[in-house]
Amino acid sequence: MPPVPPSALTGLPSGAIRPLPSADADRPVLLIHLSDAHLGADSTLMLGVDTEASLRAVVDQIHREHGDADLVLATGDLSQDGSEPAYRRFARVVGELGLPVRCLPGNHDSPAMLTRTLGHWAKPVTDVGAWRVIALNSTVSGSNAGHLDRHQLEVLDTAAASAGPRPVLVALHHNAVPMTPDWHDTMMLDNATELFRHLGRWRNIRVLLWGHVHQEFDRRRGNMRLLASPSTCFQFTIRDGRHRMDTSAPGYRWLKLYPDGSLATGVRRLDPRAWEAMLQGWEQLEADQAA
């Protein structure tokens, strides 16, 4: 099956998609980071959350607050089941923004189906304004943990080397560092040391961004910013050395990327009261269906 253009999936005419800013743009780039939508082939509840409804609520907030963004970057687990209908649903909802989109697979995705269904949204290297975005596939078939094989590390090195003076943002699904020192994370990237060795070769790499963890994270490592963002559905946290559900509302991260390689960033979440009302509505729906 040939790739299906996202414009065909969303019903948007191709002219409705905002073009990427040119390479010589001297203004900052506004990038939106989404992650872990966990859509299924059908509209069902997962851990008490209608994942499509929560994604749509986050997209609506992006439209209100950052509708002028230059690029949406989705870092994996777009789907829960790796099905074509799930990716079509993702494209339909996110495509309503009318913005360029790039995405990469997570451990619940089917990389082949994602690429086949979403077409050019799955391009690994994208120049947006003065910056280069490199999207890596850290998935391992049959495993929730991540690994970057030799080919992915070659993609990283080749794209970073050819970026010239451009600042670079590198994205993947799996976290490259533990979220807390007291958490033994068996589902993170298993060759993070090797990744950081490759990243250290290129001084123009300014950001390493991931999904997977369903929580926000912001640290510095040398001249790089390490960032993670909330899921668009349910959230996780680490408390007392244990992995737990978090009642925080879904959200997204915005990044303003300046031509000199500096950046500003922040996380925006749904209104807590509105989110609580959505959760109560789904809880009642489950109760009605069980009755």
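Here are some notes:
- In the stretch 265-291, the residues that are of a type in the set (Asp, Glu) reach residues that are open to solvent by less than 50 Å² (accessible area, probe 1.4 Å) and outside any strand (DSSP E or B) with C-beta atoms within less than 9 angstrom, at least six apart or across chains, in these pairs: ASP271/GLN61; ASP271/ALA249; GLU276/ALA249; GLU283/GLY48; GLU286/GLY48.
- Test: residue in the stretch 255-262 that is in contact with a strand residue (DSSP E or B) (Cβ under 7 Å, 6 or more places away or on another chain), open to solvent by 20 Å² or more (accessible area, probe 1.4 Å) and aliphatic (A, V, I, L, M): no
- Where a residue in the stretch 144-162 is touching a residue at least 12 places away in the same chain (Cβ under 8 Å) and its partner, wherever it lies, is in a helix (DSSP H, G or I), with Cβ under 7 Å and at least six apart: LEU148/LEU195; LEU153/HIS198; LEU156/HIS198; ASP157/HIS198
- The residue that is modelled with the lowest pLDDT, counting only those in the stretch 268-291 that are under 16 Å from SER54 (Cα atoms) and hydrophobic (A, V, I, L, M, F, W, C), is LEU285.
- Among the residues of the stretch 219-240, those that are of a type in the set (Lys, Arg) and surrounded by fewer than 13 Cβ atoms within 10 Å (Cβ to Cβ) comprise ARG219, ARG220, ARG239.
- Within the stretch 230-251, residues that are in contact (Cβ under 8 Å) with a residue 12 or more places away in the chain sit with their Cβ atoms under 7 Å from residues that are in a loop (DSSP other than H, G, I, E, B) and among the β-branched types (Val, Ile, Thr), at 6+ positions apart or across chains, in these pairs: PHE236/VAL213; ILE238/THR180; PRO250/THR232.
- Counted as qualifying within the stretch 81-186 are the helices (runs of 4 or more DSSP H) with 1 or more residues that are within 29 Å of GLN61 (Cα to Cα) and either polar (S, T, N, Q) or under 17 Å from the mean Cα position of the chain (by Cα) (or both), namely 84-94, 111-118.
- Count of the stretch 27-45 residues which are among the hydrophobic types (A, V, I, L, M, F, W, C), within 20 Å of the chain's Cα centre (by Cα) and in a strand (DSSP E or B): 6
- For the condition out of contact with any Ser or Thr (no Cβ under 6 Å at 6 or more places or on another chain), modelled with pLDDT under 95, more than 19 Å from ARG102 (Cβ to Cβ) and not in a helix (DSSP H, G or I), ASP24 qualifies.
- Enumeration of residues in the stretch 238-262 that are over 18 Å from the mean Cα position of the chain (by Cα), outside any loop (DSSP other than H, G, I, E, B) and closer than 29 Å to ASP60 by Cβ: ARG244, MET245, ASP246
The values are calculated or read from the model by the stated rules, or taken from the named source; none is laboratory data. Here the structure is a predicted model, which means the values were calculated and not measured. A quick note on method: Cβ atoms are made from the backbone with ideal geometry, for glycine too, and the neighbour counts reach across all protein chains shown. Ligands, DNA and RNA are stripped out before the accessible areas are found, and what is left, the full protein with its side chains, is counted by its heavy atoms. Shrake-Rupley method; radii C 1.70, N 1.55, O 1.52, S 1.80 Å.
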